[in-house]
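Below: the structure, in structure tokens.
The values are calculated or read from the model by the stated rules, or taken from the named source; none is laboratory data. These numbers were taken from a predicted model, which means no experiment stands behind them. Virtual Cβ from ideal backbone geometry, glycine too; neighbours counted across all protein chains shown.
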Amino acid sequence: MTTHATPTDLRQPIDPEQLADIETFREALESNRAGEIDDETFRVFRLGRGIYGQRQGGTNQMVRVKVPYGSIKAEQLDMLAFLVDRYSRGWAHITTRQNFQFHYVQLDEVVEVMQHLAEVGLTTREACGNTVRNVMGCHLAGACPIEKVDISPWAEATYRHFVRNPIAQRLPRKFKINFSGCDTDCGQAMFNDAGVIATTRTRSDGTTETGFRVFIAGGLGANPHPALALEDFTSRHELMATLEAILRVFDAAGNRDNRIRARMKWLVDTLGFDEVQRRVIATRAELLDSDSTTIGIPAEVSLDGDDPAGTAPNSAVTQIGQGTPVTLSGTSGFSRWSQANVVRGAANGTISAYATAELGDITSAQFRALASIQREFDSDVRLTNRQNLVLRDLTTDDLPVLFERLTAIGMASPSAELVRDVVACPGADTCNLAVTQSRGLAQAIGQRLEQEGLAEVGGVRINISGCTNSCGQHHAADIGFFGMERRLDGRSAPGYQMMLGGYVGQEQMHFGRKVLRLPAKNAPEAAVRVIRTFADQRNGGERFHDWLVRIGGPATITDDLKDLENIPTDGAAAVDYYTDYNETGPYVATVGDSECAT
């Protein structure tokens, strides 16, 4: 009989600040129950502690766990297994921002959950609310063959600097920070409030200096904005002060009267980029002239170093980034997985390999198995922004055994940068804002692609959101969908806006363009037709975005999809159009009170 890890088995000394967080939450909950704190005040407090009311209402809560730059340890995976079994529904979800979240936790049990998380060094603090959210970073940082800097210690330092920081507790709106180690931008810095991309420049004496390009005011949502370069080069000495200066300018000048226009992107629209830039540079100068702890190189960087991984001599470097051409050959499961999911070329011959989590979901059994795998291979593990995991510090000899281990738990699908790896937000399953079952559509698209023999087309990303807020990052995908209501003869039906041509990389951000409004049940067919056309017409290694530009843009393939826009009016098949995926009754476009989007 297998003995599962228990909280007692995993317990470690709890950080005093986390203990204080837990006790403060306990007191606030008791005060709310006693009528001493009103529901709205408690809601704001609760969100700042990562506890989010879900669609089902009542005492059902979603718990969001921050995983800075996606770095996760074996004992933390074991604890998550225990928590989802004990307090949730047996599985958790990886978000597109490298968090874990699990649902149906009862409010009275949240304090216990926080306590258990703290025992393994995890926190929900500031995972939601008008705070600095989870600090993201490229999942291959420190193992990437083309990175300029290992951004891992920089992301760690940024997380530690802003969590519980008084200047980050009551911002006009949420604030997102993202790091990438090179301009391939696997971390997706180009659509964040502050995005950091490592780079180099040549000094006057001919030597090379590493540093960063800092971008500001990017964002997705209903009105996406590409991030803008603050300056040509930010030195390592100046980076932390620059990030704090951006936050301080946002805190001082952001819109506190209109939540819809409260993000950093709207501040640039209101004041103009030149004025925002001037204020940030001036604030940074004040910080650097002060005794602020933001001055200089953070302790985390000094301790761990930030040298790039580099490339092993004579090694074949795996291409990475959006649009990576992946071609599978051979018949063995191992060879196909190895071609799709393995990244080679880091210094000293180390290798990284993806474990595929379908729809970003991980069961308690998979959590426990992953913890065991991590210990067996002494591997570093990171969450990816495409809702998978990557195991790093591997050797070539490790791969066959790792493939067997992942196959046994259903996580060895050859999916990395293949079209079958569809990303979706939780949608109307639990979210108050979603109007469609985005997860159900993702499954339906995946099934159709498999049936049509198109699931292994490489270099194409499909992302789905259940509403316009882009938690599924539909704007940045080659093919994106976001949920909307369709109506015919006074009846509501689930629908999606289809978008084409989203791309992030090379310090560029191209948002997908709207092409068609589809009934939900026609969206899989639309995806299949576009993928088939791309597969038939692409040149060798051509990215989807480049192909779309070459053929004249999205409008050139829209005609082939026009017949999918309408809801059928006759026949038994028409009835199905008024029921959403994973639902049994008639569709109703119900939107609850907004708490905060991901």
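Summary table
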read-out: The lone exception for Glu109 - which of (1) touching a helix residue (DSSP H, G or I) at 6+ places or on another chain (Cβ under 6 Å); (2) surrounded by 24 or more Cβ atoms within 10 Å (Cβ to Cβ); (3) not in a strand (DSSP E or B) it fails; value: (2)
read-out: Filtered residues of the stretch 505-535 (kept if among the β-branched types (Val, Ile, Thr) and more than 20 Å from Ser438 (Cβ to Cβ)); value: Thr533
read-out: Hey, Ser492 among the polar types (S, T, N, Q), touching a residue at least 40 places away in the same chain (Cβ under 8 Å) and surrounded by fewer than 22 Cβ atoms within 10 Å (Cβ to Cβ) or not; value: yes
read-out: Residue check, Glu156 outside the structural domain of Thr395 (by TED's automatic domain parsing), free of Cβ contacts under 8 Å to residues at least 40 places away in the same chain and outside any loop (DSSP other than H, G, I, E, B); value: no
read-out: Filter result for Pro226 (surrounded by 15 or more Cβ atoms within 10 Å (Cβ to Cβ), over 30 Å from Gly323 (Cβ atoms) and not hydrophobic (A, V, I, L, M, F, W, C)); value: no
read-out: Cβ-Cβ under 6 Å pairs, at least 6 apart or on other chains, the stretch 540-554 side in a helix (DSSP H, G or I) and of a type in the set (A, V, I, L, M), far side crowded, with 16+ Cβ neighbours inside 10 Å and modelled with pLDDT of 95 or more; value: Leu548/Gly501
read-out: Evaluation of Val419 against (1) among the β-branched types (Val, Ile, Thr); (2) more than 15 Å from Thr95 (Cα to Cα); (3) at pLDDT below 95 (one fails), failing number; value: (3)
read-out: Count of the stretch 569-585 residues which are assigned to a loop (DSSP other than H, G, I, E, B) and either closer than 18 Å to Pro524 by Cα or touching a residue at least 40 places away in the same chain (Cβ under 8 Å) (or both); value: 8
read-out: Residue check, Gly512 under 30 Å from Thr131 (Cα atoms) and either small (Gly, Ala, Ser) or free of Cβ contacts under 8 Å to residues at least 60 places away in the same chain (or both); value: yes
read-out: Subset of the stretch 116-151 (residues that are small (Gly, Ala, Ser) and more than 26 Å from Met62 (Cβ to Cβ)); value: Ala141, Gly142, Ala143
read-out: In the stretch 255-279, the residues that are part of a loop (DSSP other than H, G, I, E, B) and in contact with a strand residue (DSSP E or B) (Cβ under 9 Å, 6 or more places away or on another chain); value: Arg263
read-out: Qualifying residue in the stretch 506-514 (condition: assigned to a strand (DSSP E or B), buried (at least 22 other Cβ atoms within 10 Å of the Cβ) and at pLDDT 95 or above); value: yes
read-out: Residue check for Ala527: part of a helix (DSSP H, G or I), crowded, with 20+ Cβ neighbours inside 10 Å and in contact (Cβ under 8 Å) with a residue 60 or more places away in the chain; value: yes
read-out: Some residue of the stretch 560-568 being acidic (Asp, Glu), farther than 20 Å from Leu418 by Cβ and without any contact (Cβ under 8 Å) to a residue 40 or more places away in the chain; value: yes
read-out: When residues of the stretch 446-471 are limited to those that are of a type in the set (A, V, I, L, M, F, W, C) and assigned to a strand (DSSP E or B), the one surrounded by the fewest Cβ atoms within 10 Å (Cβ to Cβ); value: Ile462
read-out: Residue in the stretch 46-69 that is aromatic (Phe, Trp, Tyr) and either over 19 Å from the mean Cα position of the chain (by Cα) or in a loop (DSSP other than H, G, I, E, B) (or both) present; value: no
read-out: Matching residues in the stretch 268-319 - criterion: being among the hydrophobic types (A, V, I, L, M, F, W, C), under 28 Å from the mean Cα position of the chain (by Cα) and at pLDDT 80 or above; value: Val268, Phe273, Val276, Val280, Ile297, Ala299, Val301, Leu303, Ala309
read-out: Asp232 under 21 Å from Val276 (Cβ atoms), outside the structural domain of Cys471 (by TED's automatic domain parsing) and surrounded by fewer than 16 Cβ atoms within 10 Å (Cβ to Cβ); value: yes
read-out: Search result, residues across the stretch 369-403 that are modelled with pLDDT of 95 or more, farther than 21 Å from Pro414 by Cβ and surrounded by fewer than 21 Cβ atoms within 10 Å (Cβ to Cβ); value: Ser372, Arg375, Glu376, Asp378, Asp380
read-out: All positions within the stretch 115-132 that are buried (at least 24 other Cβ atoms within 10 Å of the Cβ) and touching an Asp or Glu at 6+ places or on another chain (Cβ under 7 Å); value: Val132
read-out: Exclusive hit being in a helix (DSSP H, G or I) and without any contact (Cβ under 8 Å) to a residue 60 or more places away in the chain, set Glu300, Glu286; value: Glu286
read-out: Every residue from the stretch 159-190 that is farther than 28 Å from Glu417 by Cβ and assigned to a loop (DSSP other than H, G, I, E, B); value: Val163, Arg164, Asn165, Gln169, Arg170, Leu171, Pro172, Arg173, Lys174
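Each row is one residue, and each column tells you yes or no for (1) within 22 Å of Ala444 (Cβ to Cβ); (2) surrounded by fewer than 20 Cβ atoms within 10 Å (Cβ to Cβ); (3) among the charged types (D, E, K, R); (4) more than 30 Å from the chain's Cα centre (by Cα).
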residue: Gln537; (1), (2), (3), (4): no, yes, no, yes
residue: Leu548; (1), (2), (3), (4): no, no, no, no
residue: Ile567; (1), (2), (3), (4): yes, yes, no, yes
residue: Ala574; (1), (2), (3), (4): yes, yes, no, yes
residue: Tyr577; (1), (2), (3), (4): yes, no, no, yes
residue: Tyr587; (1), (2), (3), (4): yes, no, no, no
